[in-house]
Amino acid sequence: MLTKLNAPAAKFLQIHGDGVLMNGESLVVARPEPAADYVYLGDDEKHAPWFAYSRPSNEPLTALRPLMLSNMLSREELSIVAQARSLVHWHERHGFCANCGHATQMSDAGYRRHCPSCKTDHFPRTDPVVIMAVRHGDNILLGRQKAWAPGMYSCVAGFMEPGETLEQAVAREVFEETGVVVGKVTYVASQPWPFPSSLMIGCIAETDQAEIIVDEKELENARWFSRAEVGLMLEQKHPEKLTASMPHAIAHHVMSIALQ
Ligand SMILES: [Zn+2]
């Protein structure tokens, strides 16, 4: 790690809370003064090592959530920023041992925190979230939350619970939010989502039930759309200006696969 830290090509991301330091549309990657506790993120395609550190900034930081869904950064930069945000957030919130309350120390280049008092090692966690398109013949079930932009619909999603299989989590979430009982569940793809440390697991579920009972605490609405309509929503060409998730979001990918 020391060799990599001292490499002239090393890049450093400053993260604090939900923001990252940028200059216009580019990440600021200069080595900071004074030095900080660095988390090693890995080497990029050009073999430059990347690090992240947590520090408040006098400059305004760029909000990470909209950045993740924008076209400002390359795919590689997006995944580096996602990893940085997730790890830095974990360090910011795990300064004290959950076992004995003593202050913990960063080790293993940021992938572990060690408690010098009770010797417990703490590791960053990943929280699995299932996100699914439900199919009934030619139709696809999508929902919308009140907080979303008007006219936007997307896949139903929710955190997996301890002891659940993927299939059980998909069936439970779809039933809880829409009252629909699903049968076969197929895994499509996954995407790390660093708010704070989720792994979004995209699935397609099949059902023969058309009736929907929306859980209004979770969703503002849920309804069936024809495949043709979902296609238009993904391309932002729907005649009623309805939209679906943007291309960088896994929901977009799951819906595209569900159309096939
Ligand atoms: Zn301890």
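Cβ separations smaller than 6 Å between residues 6+ apart or across chains give the following pairs from the stretch 89-109 residues that are closer than 26 Å to LEU2 by Cα to residues that are away from the ligand (no atom under 15 Å from the Cβ) and open to solvent by less than 90 Å² (accessible area, probe 1.4 Å): HIS89/PRO196; TRP90/PRO124; GLU92/SER54; ALA109/TYR40. Applying a threshold of 9 Å to beta carbon distances and a minimum spacing of six or more residues, or different chains, the list of pairs starting in the stretch 167-180 at a residue that is not assigned by TED's automatic domain parsing to the domain that holds ALA157 and ending at one that is open to solvent by 40 Å² or more (accessible area, probe 1.4 Å) is empty. Just so you know, in the stretch 1-46 the residues that are among the polar types (S, T, N, Q) and over 18 Å from HIS91 (Cβ atoms) include one that is surrounded by the fewest Cβ atoms within 10 Å (Cβ to Cβ), and it is THR3. Annotation note: of ARG93, ARG85, ARG55, the sole residue that is modelled with pLDDT under 95, under 18 Å from GLY110 (Cβ atoms) and open to solvent by less than 20 Å² (accessible area, probe 1.4 Å) is ARG85.
Mind telling me which of the residues ASP121, ASP44 ends up being in contact with a Lys or Arg (Cβ under 8 Å, 6 or more places away or on another chain), without any contact (Cβ under 8 Å) to a residue 60 or more places away in the chain and within 16 Å of the ligand (Cβ to nearest atom)?
Result: ASP121 is the single residue among ASP121, ASP44 that is in contact with a Lys or Arg (Cβ under 8 Å, 6 or more places away or on another chain), without any contact (Cβ under 8 Å) to a residue 60 or more places away in the chain and within 16 Å of the ligand (Cβ to nearest atom).
Evaluate the following for LYS217: is it on the phi < 0 side of the Ramachandran plot and modelled with pLDDT of 95 or more? Here the answer is no, as LYS217 does not meet what is asked.
The values are calculated or read from the model by the stated rules, or taken from the named source; none is laboratory data. Note that the coordinates shown come from a computational prediction; the quantities given were computed from them, not determined experimentally. FYI the Cβ positions are ideal-geometry reconstructions off the backbone, even for glycines, and counts take in every protein chain you see. Heavy atoms of the whole protein, side chains included, go into the accessibility calculation; ligands, DNA and RNA do not. Shrake-Rupley method; radii C 1.70, N 1.55, O 1.52, S 1.80 Å.
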